[in-house]
1. Roughly how big is the chain's charge dipole about its Cα centre, with Cβ charges of +1 (Lys, Arg) and -1 (Asp, Glu), in debye to the nearest 20?
2. Give, in nm to one decimal, the length gained when the segment between residue 143 and residue 193 is fully stretched (0.36 nm per residue of separation minus the Cα-Cα distance).
3. Once phi is turned into ³J(HN,Hα) by the Karplus curve 6.51 cos²θ - 1.76 cosθ + 1.60 with θ = phi - 60°, what whole-Hz value does each residue of the range 216-230 show in order, with x for glycine and proline?
4. Once label points are set 7 Å from the Cα along Cα→Cβ at both residue 207 and residue 30, what is their separation, rounded to one decimal in nm?
5. Per residue, how much accessible area does the chain have with a 1.4 Å probe, in Å²?
6. Check which residues have an amide H placed less than 5 Å from residue 75's amide H, if you skip close sequence neighbours.
7. Output the peptides 244-251, 97-104, 180-187, 123-130 sorted from most to least packed, where packing is the average of other Cβ atoms within 10 Å over each peptide's residues.
8. For the range 105-256, what is the charge dipole size about the Cα centre, in debye to the nearest 20, if Lys and Arg each add +1 at the Cβ and Asp and Glu each add -1 at the Cβ?
Amino acid sequence: MRRIWRVISGMAVVLALLLAGPLWMLASGEVDRGGHWSSASRAPAGLAPSPAEASEAVVQLYAARAWGWRGAFGVHTWIATRDAGAEAWRMHHVLSWRRPSLVSRSTATPDRAWYGSAPTLHADYRGEAAAAMIGPIEAAVAAYPAPSTYRAWPGPNSNTFIAWLIREVDGLEAALPVTAVGKDYLLEGPLAEAPGGLGVTASLVGLLGVTLGRDEGLELNLLGLSLGIDPRRPALKLPGIGRLGMAPAVKGRGEG
């Protein structure tokens, strides 16, 4: 009985540590739980260049806190592309509202706030590099194996889709935030390349795993929530809270 009690106590401690960050996010008011989604801000963040600012092809990857209480745990991610000389962008992401679906649509503002949460930029490819990616991105979007499936935890969800897409497109790299719950849910076996490029992710249905990569550092996935350390750009990565330390590199800008 003592051994069983020690195991139960240990599991309770681990669970408490994993939930400490999300609970702090809720208690501190860092996540807005008031109001209605329809009245939340959708203002552009000024991260997507206009055709006048950059006429070349562009590929950008964004993340923003999820709406409501889910935002205490993680972010929603999406990718946007624009051909050289084009006015409109193509935006791709997986949604869960009404019915789960992979959505691709044209927009003039791919950097709009995600219902009150301003996005952050995690990849920004331009010129020839971006132009070479756009066709493969469209092909990968069409080939995504779970376009009508969405589970907030442990996946597959919007972050599963973006992580899968990154792995499918040559030259596209991005170290997704530790708060991108579902990014470690692997659709094609227990091993995959780390989204940051040089590294590997091992995962058991998104509930238990590890990522070791050049840009991710070391991340442990426990019960779908991740924590880790980035020695290259020194930072701690905590469930719910996210990154504490040096800002991550924006891939495509030559930052790493």
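The values are calculated or read from the model by the stated rules, or taken from the named source; none is laboratory data. Everything quoted here is computed from the prediction, not taken from an experiment. Methodologically, a virtual Cβ is constructed for each residue, glycine included, from the backbone with ideal geometry; neighbour enumeration extends over all protein chains shown. Surface accessibility is based on the protein's heavy atoms, side chains included, excluding ligands, DNA and RNA. Shrake-Rupley method; radii C 1.70, N 1.55, O 1.52, S 1.80 Å.
1. Numbers: 24 positive and 21 negative charges, 230 e Å.
Around 1100 debye, computed over the chain.
2. Details: separation 50, 0.36 × 50 = 18.00 nm, distance 1.82 nm.
Contour length minus Cα-Cα distance gives 16.2 nm.
3. 7, x, 10, 10, 10, 10, 10, 6, x, 9, 10, 9, x, 9, 10
4. 2.7 nm
5. On the way: 12360 Å² over 256 residues.
About 48 Å² of surface per residue is accessible.
6. 66, 180, 181
7. Numbers: 244-251: 16.6, 97-104: 12.5, 180-187: 26.4, 123-130: 18.8.
In descending order of packing, they fall as 180-187, 123-130, 244-251, 97-104.
8. Numbers: 13 positive and 15 negative charges, 83 e Å.
Its charge dipole is roughly 400 debye.
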